[in-house]
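A.B. asks: Below are the structure tokens for one structure; questions will follow.
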Amino acid sequence: SRGINADYGYSPDSLFDGLHHQMIKYFEETHGRENVIQCMEKMGYRVGFSLIEKATKEEARVKEDVDIVKYICKDLWNMVFRKQADNLKTNHTGTFVIQDNRFRFLTRVSQSDQYKQRGELYVAFTCGVVKGALSNFGLPCSVAAEIEMLPTVKVTLTLQQPAN
Amino acid sequence: MAVCIAVLTKDNSPLYIASDPAEDGLKMHFLVHTSIDVIEEKLNSATAANDPRDLYLGQLYPNEDYRIYGYVTNTKIKIVVIESITNPLKDGDARQVFSKVHSGYISLVCNPFYSPGDTITSQPFLNTVTSLMRGKAIA
């Protein structure tokens, strides 16, 4: 059974999409546009942290930094977005770039430059999730998002310690 | 029956230690503390040959009166379980004990009122550990 929500045409995904959008609007109204990213990231952090705690219980020990980032690209991305990240690049000195060519929260935004800046607000929560997830793996990092062309999003992580 | 169960962070600070009142609490703390070094050694020295990737580390080191088992989660949380030789856990039970403590910890982290890194005072978690130490089935 798909559950009562599916019968009405809603799914947990669209419910969260709606909530995510309202969270951004809420923080914009109460904390100002310049603080939205920080607020969304902070919330994402705790979510990412908990997700990893739960998801890795039955996993074999994930050891190398690279394997941890790959886990983020495959397993975590799958949990959150029902798809894997599309590309992962690294400079082998602790910086990784995760690319998603159809970033879920921006797939309905028209591909126009005027929305790029606003689009950054829509990646903030996800950046927080990635940050929290990596932190719980023992790899604190800084995370930044880049939107060159909607709906492709690049998330750059810079590990705070030297890579293995 | 476990006589001591301890949960430690990746920096080895104790989030929770409980020991059976019949045992010397200080001795239990000491055994847990000693096992930290052994755990770290096991984590760092895994060679390509004997690298099982298991979260469960098995018995850590021999002791006359107790068996000390270790377990480290993917999130670097260390769990130590000590059993008394005179009152051992049932066969294979060490893994089960760790699994239940781990599940209890996960529930705790998912609790929005708990801040990771804080000492554990949550009643459900305390109940889980107390039941495990008494050898009763978890409700």
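A.B. asks: Can you give the local net charge around A:Arg104? Use residues other than it whose beta-carbon is closer than 14 angstrom to its beta-carbon, Lys and Arg +1, Asp and Glu -1.
C.D. replies: 0
A.B. asks: A follow-up question, please. For segment A:38-107, compute Rg over Rh where Rg is the Cα radius of gyration and Rh is the Kirkwood radius from the inverse mean 1/r over Cα pairs.
C.D. replies: Rg/Rh for segment A:38-107 comes to 0.97.
A.B. asks: Relative to 2.2 N^0.38 Å, what does the C-alpha radius of gyration of segment B:9-81 come to as a ratio? Two decimals please.
C.D. replies: 1.14
A.B. asks: Compute, for segment B:1-122, the length of the dipole vector about the Cα centre, with Cβ point charges of +1 (Lys, Arg) and -1 (Asp, Glu) only. Units Debye, rounded to 20.
C.D. replies: 400 debye
A.B. asks: If I histogram all Cα-Cα distances within chain A using bins 10 Å wide from 0, what percent of pairs lands in each bin?
C.D. replies: It works out to 10, 37, 36, 15, 2, 0, in whole percents.
A.B. asks: Per 0.36 nm of contour for each residue apart, how much would the distance between A:Leu15 and A:Asn87 grow if the chain were fully extended, relative to their Cα-Cα spacing?
C.D. replies: Going from the current span to full extension adds 23.2 nm.
A.B. asks: Ok, one more. What order, most packed first, do the peptides A:50-62, B:93-105 have when packing is the mean number of other Cβ atoms within 10 Å of each residue?
C.D. replies: B:93-105, A:50-62
A.B. asks: Within 10 Å of each Cβ of B:106-115, how many other protein chain Cβ atoms are there on average?
C.D. replies: 3
A.B. asks: If you split all Cα-Cα distances of the protein assembly as shown into 20 Å bins from zero, what percentages do you get per bin, shortest first?
C.D. replies: 29, 49, 20, 1
A.B. asks: Could you please report the charge total around A:Arg33, scoring K, R as +1 and D, E as -1 over all other residues with beta-carbon less than 13 angstrom from its beta-carbon?
C.D. replies: -2
A.B. asks: Strictly over 23 Å apart at the Cα level, which of A:Lys131/B:Lys42; A:Lys74/B:Lys100; A:Lys83/A:Lys131; A:Lys63/A:Lys89; A:Lys57/B:Lys42 would you flag in this model?
C.D. replies: From the list (A:Lys131/B:Lys42; A:Lys74/B:Lys100; A:Lys83/A:Lys131; A:Lys63/A:Lys89; A:Lys57/B:Lys42), the Cα-Cα distance tops 23 Å for A:Lys131/B:Lys42; A:Lys74/B:Lys100.
A.B. asks: List the pairs from A:Lys116/A:Lys154; A:Lys154/B:Lys76; A:Lys25/A:Lys70 whose alpha-carbon separation is above 22 Å, in the order I gave them.
C.D. replies: A:Lys154/B:Lys76; A:Lys25/A:Lys70
A.B. asks: Further question: Once you have the alpha carbon radius of gyration of segment B:6-139, what is it after dividing by 2.2 N^0.38 Å, with N set to its residue count?
C.D. replies: 1.02
A.B. asks: Quickly estimate the mean residue ellipticity at 222 nm for the protein assembly as shown, helices only: each DSSP H run with n ≥ 4 gives -39500 (n - 2.57), and the total goes over all residues, rounded to 500.
C.D. replies: Rounded to the nearest 500, the figure is -13000 deg cm²/dmol.
A.B. asks: Follow-up question, since we're still on this one. Relative to the longest principal axis of the C-alpha atoms of chain A, give the angle of the C-alpha long axis of helix A:124-136, reported between 0 and 90° and rounded to the nearest 10°.
C.D. replies: 30 degrees
A.B. asks: Any idea what angle helix A:33-55 forms with the longest principal axis of chain A, computed on alpha-carbon atoms, 0 to 90 degrees, nearest 10?
C.D. replies: Its long axis makes an angle of about 60 degrees.
A.B. asks: Residues of B:67-75, mean number of Cβ from any other protein chain within 10 Å of their own Cβ, rounded to a whole number?
C.D. replies: What the average comes to for B:67-75 is 4.
Only the coordinates and a few stated rules stand behind these numbers; no lab work does. Computed from a predicted structure; not experimentally measured. Cβ sites come from the backbone with ideal geometry, for glycine too, and all protein chains shown count toward neighbours.
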